[in-house]
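Data first, discussion second: the structure below is written as structure tokens.
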Amino acid sequence: MKSILNFRFRYFILLFLVSLMVMGDIVLTETDLKPVQQEVIRQGLTITAIHNHFVRNHPNIIYMHVGGSGITETLAKKVKAVLDKVSEVRGHNPAAGAVPDVPYTIDNKKLDDILGYKGEMSKGVYKYTIGRPDIALKEHHVPVSTFLGFNTWAAFQGSPDHAAVAGDFTMLEDEVAVVIKTLVENGIEVVAVHNHMVHEQPHIFFLHFWAVGPAEELAKGLKAALDQTGTKMRH
């Protein structure tokens, strides 16, 4: 089964008065990491996290979070320089390639009913994006929204009897231990626990998970873990 992976650049921009704040993550290989890191620092941007989303994946994929602020045009040029460095190292623009659909036969209605949310289908992957409206998160005093990357998500692919799910939990510090315990007890592997930001208030932890099994059982395990958080938004 193909892993849930999309070689693309992801960055989010928030307009704040006359300046811009940028934050997000760049999907890298081991070969890309060093030269792209150097370019981020050369451009005066900051690196706030470097981590994995998967284990046992080939090639090894690394996610590097970056941030910065400044005048709109200047900051846009800095971001473009970083993205151009990735294309230079790869010898092509990874975002330009077509992404094929993967086989998908799971009953989405059953997943929706279990989780209490509605997902979105793209390229044979059914993804839930779940906000945390119970938390007024700010980074450098700027509000960080669901769209800006402050969300829990889960992406399914495969068949009813043999599905794969990967995703990310957003958690307050008192939620970390109980969410991990619940996921592990439900057969869902926790593959990373880390930060995405540095100066955010309140402090938020991000957890990545991975599992293979019957789709409905995976959804029930995720629902049990979601019930351990303060998430209240329903899509």
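The values are calculated or read from the model by the stated rules, or taken from the named source; none is laboratory data. In this text, all values refer to a predicted model and were calculated from it rather than measured experimentally. Cβ atoms come from the backbone with ideal geometry, glycine included; neighbour counts cover every protein chain shown. All accessible areas refer to the heavy atoms of the entire protein, side chains included, with ligands and DNA or RNA removed. Shrake-Rupley method; radii C 1.70, N 1.55, O 1.52, S 1.80 Å.
General remarks:
- Among residues of the range 91-106, those that are open to solvent by 70 Å² or more (accessible area, probe 1.4 Å) and either in contact with a Cys (Cβ under 8 Å, 6 or more places away or on another chain) or closer than 30 Å to A219 by Cβ (or both), counted: 5
- Per the conditions (1) out of contact with any Asp or Glu (no Cβ under 7 Å at 6 or more places or on another chain); (2) modelled with pLDDT under 95; (3) open to solvent by less than 10 Å² (accessible area, probe 1.4 Å), the sole criterion not satisfied by D174 is (3).
- In this entry, V193 is excluded by the filter for residues that are open to solvent by less than 20 Å² (accessible area, probe 1.4 Å) and modelled with pLDDT of 80 or more.
- When the residues of the range 107-132 are filtered to those that are without any contact (Cβ under 8 Å) to a residue 24 or more places away in the chain and either open to solvent by less than 40 Å² (accessible area, probe 1.4 Å) or touching a Gly at 6+ places or on another chain (Cβ under 7 Å) (or both), the one that is nearest to S87 (Cα to Cα) is N108.
- Against the conditions (1) under 24 Å from H196 (Cβ atoms); (2) touching a Lys or Arg at 6+ places or on another chain (Cβ under 9 Å); (3) of a type in the set (A, V, I, L, M), L83 satisfies every one except (2).
- Looking across the range 127-170, the residues that are of a type outside the set (A, V, I, L, M, F, W, C) and under 20 Å from V191 (Cβ atoms) come down to K127, Y128, T129, G149, N151, T152, Q157, G158, H162, G167, D168, T170.
- Condition met for E216 (in a helix (DSSP H, G or I), buried (at least 19 other Cβ atoms within 10 Å of the Cβ) and over 14 Å from the mean Cα position of the chain (by Cα)): no
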